[in-house]
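Here's the structure we're looking at; comments come further down.
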Amino acid sequence: MPSDQVSRFLLGCLPESEMQRLNSLLETDAPFQQRVKIVEEDLIDCFVNGQLRGEDLMRFRRYFLAAPAHRERVKIAQGYLDDWAVLSESEAANETEARESKRRRPVALPDGVARLWATFNLPVRIGVQAAMLLAAAICAFLLFDTLRLQRNLTTSQTDLADTREQTDALHQELLKQQREAANAEQKIKQLREQLARPTTDLQSVIVNAANSALAALPPTAQAATPAVAVPVSTPADKTTAMVALPIGAEDLLFHLDLTRDTSTSYRAELRTSANGQKLWESGTLKAREKDTGRVVEVKVPATLLAPRPYVLKVIGFNGITATPYALHYSFRVTPPAAPANVRPNG
């Protein structure tokens, strides 16, 4: 390594990265350590003999002599018991440098310019201070306004969230009302369809309600209802019984032969022969024994019957379970005839 580079290293003239590398090398490399000691001795000799000048002298005092060990070696080289001489020379060098710095200052301004500067110096300083105060006030105002805007933004966001929640609640309420309106419209449509059905359907509804009310009456009240006794053959005959509906009759009492059926109870349904539409349904019926077999009596309201064919469908029950088959009895109602065979049902 050249001596001038080692000298620059000792005087602190190298870049920071290079200084760090050489410091690391100084700790580990013995040849480099020897080289540095030789260059240090040369620098100390040059300093003691007054051979260092300019920037090298300044860096030697500021950088090299900053280390106590280096100052001790310089003191020994100068032959002093303390380092006052080194310090005095450093102060003398500082004074020399100050004189050189004064010598390098620009020439003083002319008297007129100096007086002009003295005249405007105070207003300029006041103006600068006022500008600084104004700038500080503007910054404070901007900061306050920014905080205010942030608060307003937070409040607006909170209001917006509340509005959205209210909107969602109103939307849910609207959907609920729409569903209720749709259900109401469906019910109205069903009622209109019921009103538009044939008269027999309305009669069936009315008669079913009447039968339910009649079933709730005491047995004595039921027995007082006039009826027409109508025997109907068994389903195996495949014949259609002809039934004349007398004027004034309230009920038709059908005697239905059950043959060998052994169900514990029965229920009868009046249906049209053409399409099987159910017009009426009885309550629970019990069979009774006769010479020809078991018979069940079914009382059908006369108001449901018109001149056309019908079917009485009888369903057997064992407890609450219906049997897997039913009995069908066909009959046709003929035009009204004079009252005949009208007797109380007893």
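The values are calculated or read from the model by the stated rules, or taken from the named source; none is laboratory data. Small disclaimer: the values here were computed from a predicted structure and weren't measured. We place every Cβ from the backbone using ideal geometry, glycine too, and count neighbours over all the protein chains shown.
Among the residues of region 293-310, not one is in a strand (DSSP E or B) and among the polar types (S, T, N, Q). Those residues that are within 14 Å of residue 7 (Cβ to Cβ), among the charged types (D, E, K, R) and assigned to a helix (DSSP H, G or I), I need them from region 18-58; list them, please. Selection gives 18, 35, 37, 40, 41, 42, 45, 55, 56. When 302, 287, 306, 337 are checked against the criterion of being at pLDDT below 85 and hydrophobic (A, V, I, L, M, F, W, C), a single residue qualifies: 337. Residue 173 - would you say it is over 30 Å from residue 277 (Cβ atoms), among the acidic types (Asp, Glu) and outside the structural domain of residue 279 (by TED's automatic domain parsing)? Yes.
Tell me yes or no: at least one residue of region 261-277 is among the basic types (Lys, Arg) and surrounded by fewer than 16 Cβ atoms within 10 Å (Cβ to Cβ). No, every residue in region 261-277 fails to be among the basic types (Lys, Arg) and surrounded by fewer than 16 Cβ atoms within 10 Å (Cβ to Cβ).
Inside region 279-301, residues that are surrounded by 13 or more Cβ atoms within 10 Å (Cβ to Cβ) and basic (Lys, Arg) make up a count of 2. The single condition among (1) surrounded by fewer than 10 Cβ atoms within 10 Å (Cβ to Cβ); (2) modelled with pLDDT of 75 or more; (3) basic (Lys, Arg) that residue 105 does not meet is (2). Would you check which residues across region 242-259 are in a strand (DSSP E or B) and touching a residue at least 40 places away in the same chain (Cβ under 8 Å) and list them? Passing the criteria: 242, 243, 244, 245, 246, 251, 252, 253, 254, 255, 256, 258. The residue pairs whose first member lies in region 261-283 and is under 18 Å from residue 332 (Cα atoms), whose second member is part of a loop (DSSP other than H, G, I, E, B) and not hydrophobic (A, V, I, L, M, F, W, C), and whose beta carbons are closer than 8 Å, counting only pairs six or more residues apart or on different chains, are 268/282; 269/282; 271/277; 272/308; 273/308; 274/308. Residue count for region 60-92 satisfying the condition of being in a helix (DSSP H, G or I) and at pLDDT below 60: 9. Taken over region 47-70, residues that are surrounded by 10 or more Cβ atoms within 10 Å (Cβ to Cβ) and over 13 Å from residue 11 (Cα atoms) amount to 2.
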